[in-house]
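Reading through the structure tokens given below for one structure.
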Amino acid sequence: MTQDLAGREAGAGQDRVAQDVATGQGGTAGQDVAAGPAQAQGQATRLTGGRLGVVGWLRWGWRQLTSMRTALVLLFLLALASIPGSVLPQQGIDPAAVTQYYAAHPALAPFLARLSAFDVFGAPWFAAIYLLLFTSLAGCVLPRAFRLARSAGQPPPRAPRYLARLPQAAGFRTDLAADPALESAAGLLRRRRFRVRTGDGWVSAEKGYLHEIGNLLFHLALLGLLVSVALGGLFGYKGNRLLVEGDTFANTPVGLDVFHPGRLVSAGDLQPFSVTLNKFTATYITSGVQRGQPSWFAAAIRYNSQYDGKLHGYDLRVNHPLIVDGVQVFLIGHGYAPEFKVTDSTGHVKFDQAVPFIPVEQSGLTSAGVIKVPDAQPRQLGFAGVFLPTQIDVGGRLASAFPAADYPRVSLVSYAGNLGLSSGQPQSVYSLDTSRMRRLAVSPRPLAPGQSIVLPHGLGKLTFTGYRQWVSLAITYDPGQVPALVSALAALAGLILSFLVRRRRIFVRAAPAGEPDGVATPGGATNGGATDVEVAGLTRSDAAGGFEIEFAELASEIMQEVRGGAAAAGQPGGVAAAAGPKGE
Amino acid sequence: MPNTGLADFSNVTLVLAIVLYAVAMLAYACDFAFGNRQAAATSSARPQPARVEAGVLVGAASGTELAGHAFPADPGDPTELADLSGGADLAGPGTGGTRTRGTGTGSTGAGGSAASGRVEGDAAAGTAGAAGGGGFPPGSARSGLPEPALMAARPSLWPEGTWLRGAFLLTCAGLALHIASVASRGLAEHRVPWGNMYEFIAAITCSAVLVLVVGMVRFRAYYLGLFVLVPVVLALAVDVVVIYMPAGQLVPALQSYWIAIHVTAMIVAIGTYIFGAVVTVLYLLVSRYERQVAAGETSAAAGIWDRLPHSEVLDRLAYRAILFAFPAWTFAVIAGAIWADHAWGRYWGWDPKETWSFITWLVYAAFLHARATAGWRGRRAAFIHLFGFTCLLFNLVGVNLWITGLHSYAGMG
């Protein structure tokens, strides 16, 4: 992906320069090579020099945008722009952390929010950078792809006149005449799968188009990746659902706790399946330094699919998602849901259900939650507290020593008054607004399953009847997933191709020894019957090295082939080759 | 449950490996201090970059024959790239060995003599420069081109000099113990042994030394031993003393065959990146020294720099490392994305670790582009390379320590 992009620098100059090298017009090949980039720069300077129309300026701007320097700057900018996204909390990843940040930095946070700093990867300035980068990429790569397509049908360029000027060159003398010598060299190059062109006294061969193809594939695949991501953003959706053992949810916007639809997704587009959680199992390491660390999570679920309408069982685990109707369901979290039964002053049961508590720490899975009983008479009741899976007493403070429910207890604070549910303001089910409630004088003694709190003033009674477990599920649908994977793998393949393959040209010239042929002959003497053969090599993409070895091998094989041909032809005095041509 | 016997064996072999590496470091340093100067010059192939690998075509011809036309095939020569692809930077970044082609004698001579002042072995290049532009001596062919020879002239891969041989053997022995330590840890735990920070550092240092040994043999770059082993020994010492975690089980989030794919690819890529970064630091130091020499100045550490190869050899070696590491990293990131999709329901979620691997990828991509951009080759590109490595290190250390995210498996809490 690298070297050939140097072509960005000189734009169309690249082909011309290469052509100059190849044809070696007028013995100035070397100078042409040197002058090529300078000319290209000269053009650029002229372009920037003013007296340009609108079209000229547009062309200039486009050339700037698609230049390698701009691409470099944009790459750096994109890297730089990503950094705040990893340092500051992000709304799309951890909304709670953003809320915390607001609380901790009340002055700074609104300012940062105005800069989209809590949504960096959706920010307009972030999009501006990557869209510019991709425009620059397309502007560079597409013309190159067209050039490659055009050149695919064309034979290699003529051999330069002065092969000695090329970076790799070698020569030898043979008794074979020039034409058969060239013929045998061309034959060898063809067998080596070079594309060969022959002319009067020369052979030109080229190989390694896969280098450029790989390079282009890589860059085009990146464009494909961008399109795939956009596809997911438009037509995909994701949702979350917390599900207590025994409960069922349906994949509808209402059935999900959190629903993030793509821009072009409507409620009717959701695949209608439902999932029931039968049982969740978690095991933990019980000894050693890893004590308390989870070792196994599994959720036994039942689901129905719209296609067969039947119920299926499934063992949902971390790293083992459920795929139903093209939608993926993941196990991403778990916790405890203690069950409570509340009777009010009238003696009627006004509340009897499991309440999901949210873990506040991982080592003992201490979980916090609230119970709201809006129907209680005469006053609404509210409870806030913690569930301790394995309760211990640490210096008078309650804590949980282990995440499994080995000694489960709940500790609650009781309130009576107005829950504030009728104010019209949406309220979280995980927090209690106690501003219009009165704390009841009840001992916060932890409750074992089956135990109760009797509220003062005959307000009622709460019983901790037991506990269930809950899982949180992520439901995602991303139609861009497979295209993204294909693009990424194509990019990788292109990268490897362009790094492994080098595009190279081999030229051979043969002339009777001592004949002028437009080349200054130092010796000047004519050697009857002998032929001088020159071999030269050129590569465009060999910054990592290695071509000189390939060239040396190829040149010596050509020599052996030609000399072997001479020996076979029984030429008098033919230089016997040490060995025949190397095998294919 | 982990097998404690094997786990203990792993701990002991790792400490032994560190000791061997440290002794090897000492031996490399002794080679720099007391080693045979001539041996060092030949073993590190000082004179001409091309002869390191080609050793054939160019090696077969004498310096005079090459003068002026058959450029001593310097594949890393940035000007060559510029010429062929139409780049504008013909003069190159000003390294000693840069030749400007096709313009006759002067530049060739300058290139040759700039390099020649440093090591005796450069005499040939110096002569080539001095004789450049003269008429072709009668060669085997009309234009005096060297005759192609077979690949028989490939030099020995074995390091020369007692200190260097000893150091190399110690490195190999240390690596064997290191591999044994990592493998026995994996056997003790019945899983791939890279589930936490301690195991991960042991694995990436192992990978770095493996790349070092391969690089030393493949490119006859024995001079690198000291410089790669220093960070390896430091990292391993910190790993064993500060970060150590006893053998244990994986958290459910890591219980997937993808850990064997994603993390292994990361380890291979990072080991190579470490190697590339060390070579790049050397490149920067040597190229600065070369500029000092060209300006007629001296350097206090000239004794060290003279024993290192030409900066272009280092530049090319670092580049080769990235040519391998970058696709490996790309693969590792893709594998990570597939795993993330499998485990978390999205293939990319801008988790801090993901973000920083993306940043690292971008900066290394910028490095690759910079090497192909006029005015950015050489030292500037090298600085971008090191910046990319800094991002990589931050992702390994900084993100684990200071930023919480889904990748918080390091066990450093």
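Annotations
- Test: A:Tyr477 is farther than 30 Å from B:Arg371 by Cα, at pLDDT 90 or above, in contact with a Pro (Cβ under 6 Å, 6 or more places away or on another chain) and surrounded by 15 or more Cβ atoms within 10 Å (Cβ to Cβ): no
- Within the range B:295-316, the set of residues being out of contact with any Ser or Thr (no Cβ under 9 Å at 6 or more places or on another chain) and either at positive phi or in contact (Cβ under 8 Å) with a residue 60 or more places away in the chain (or both) comprises B:Gly296, B:Gly303, B:Ile304, B:Asp306, B:Arg316.
- Selection count where residues are surrounded by 14 or more Cβ atoms within 10 Å (Cβ to Cβ) and either more than 29 Å from the chain's Cα centre (by Cα) or on the phi > 0 side of the Ramachandran plot (or both), scope the range A:265-287: 9
- Residue match in the range A:54-66 (condition: within 10 Å of another protein chain (Cβ to nearest Cβ), more than 19 Å from A:Pro124 (Cβ to Cβ) and either surrounded by 14 or more Cβ atoms within 10 Å (Cβ to Cβ) or of a type in the set (Val, Ile, Thr) (or both)): no
- Of all residues making up the range A:164-182, the number that are under 20 Å from A:Arg197 (Cβ atoms) and out of contact with any Gly (no Cβ under 8 Å at 6 or more places or on another chain): 1
- For B:Gly186: the one exception among (1) crowded, with 20+ Cβ neighbours inside 10 Å; (2) out of contact with any Lys or Arg (no Cβ under 9 Å at 6 or more places or on another chain); (3) of a type outside the set (Asp, Glu): (1)
- Scanning the range A:359-385 for residues being under 17 Å from A:Val342 (Cα atoms) and either modelled with pLDDT of 90 or more or not aliphatic (A, V, I, L, M) (or both) gives a total of 16.
- Considering residues of the range A:71-81 that are in contact (Cβ under 8 Å) with a residue 40 or more places away in the chain and within 7 Å of chain B (Cβ to nearest Cβ) only, the residue surrounded by the fewest Cβ atoms within 10 Å (Cβ to Cβ): A:Leu78
- Highlighted here are the helices (runs of 4 or more DSSP H) found entirely within the range B:330-410 that include at least 3 residues which are surrounded by 23 or more Cβ atoms within 10 Å (Cβ to Cβ), under 25 Å from the mean Cα position of the chain (by Cα) and within 7 Å of chain A (Cβ to nearest Cβ): B:352-370.
Residues checked against (1) at pLDDT below 85; (2) within 14 Å of chain B (Cβ to nearest Cβ):
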residue	(1), (2)
A:Gly153	yes, no
A:Pro157	no, yes
A:Arg161	no, yes
A:Arg193	no, no
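- The helices (runs of 4 or more DSSP H) found entirely in the range B:1-60 that carry 3 or more residues being buried (at least 19 other Cβ atoms within 10 Å of the Cβ), at pLDDT below 50 and small (Gly, Ala, Ser) are B:37-43.
- The range A:426-437 residues that are in contact (Cβ under 8 Å) with a residue 12 or more places away in the chain, paired with ones that are among the polar types (S, T, N, Q) and in a loop (DSSP other than H, G, I, E, B) (beta carbon under 6 Å, 6 or more apart): A:Arg436/A:Asn418
- Filter pass, A:Ser363 being outside the structural domain of A:Ala298 (by TED's automatic domain parsing), part of a strand (DSSP E or B), in contact (Cβ under 8 Å) with a residue 12 or more places away in the chain and among the hydroxyl-bearing types (Ser, Thr, Tyr): no
- The one condition in (1) at pLDDT below 85; (2) in a strand (DSSP E or B) that A:Val533 fails to fulfil: (1)
- Criterion: within 26 Å of A:Arg165 (Cα to Cα), out of contact with any Ser or Thr (no Cβ under 8 Å at 6 or more places or on another chain) and at the interface with chain B (Cβ under 10 Å from one of its Cβ atoms) - qualifying residue of A:Arg503, A:Arg509: A:Arg509
- Listed by first and then second residue, the pairs linking a residue in the range B:373-392 that is at positive phi to a residue that is among the basic types (Lys, Arg) and surrounded by 22 or more Cβ atoms within 10 Å (Cβ to Cβ), with Cβ atoms under 9 Å apart and 6 or more places separating them unless they lie on different chains, are B:Gly378/B:Arg371.
Condition check ((1) over 18 Å from A:Glu557 (Cβ atoms); (2) outside any loop (DSSP other than H, G, I, E, B)) across all residues:
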| position | (1), (2) |
| --- | --- |
| A:Arg161 | yes, no |
| A:Pro180 | no, yes |
| A:Arg197 | yes, yes |
| A:Val203 | no, yes |
| A:Ala230 | yes, yes |
| A:Asn240 | yes, yes |
| A:Leu256 | yes, no |
| A:Leu264 | yes, no |
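This table checks each residue for (1) farther than 30 Å from A:Gly153 by Cβ; (2) surrounded by fewer than 21 Cβ atoms within 10 Å (Cβ to Cβ); (3) at pLDDT 90 or above.
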| site | (1), (2), (3) |
| --- | --- |
| A:Tyr209 | no, yes, no |
| A:Leu216 | no, no, yes |
| A:Leu220 | no, yes, yes |
| A:Val229 | yes, yes, yes |
| A:Gly246 | yes, yes, yes |
| A:Asn251 | yes, no, no |
| A:Gly255 | yes, yes, no |
| A:His260 | yes, yes, no |
| A:Arg263 | yes, yes, no |
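The values are calculated or read from the model by the stated rules, or taken from the named source; none is laboratory data. Not measured: the values here are computed from a predicted model. Every residue, glycine among them, receives a Cβ derived from its backbone with ideal geometry; neighbour counts consider all protein chains shown.
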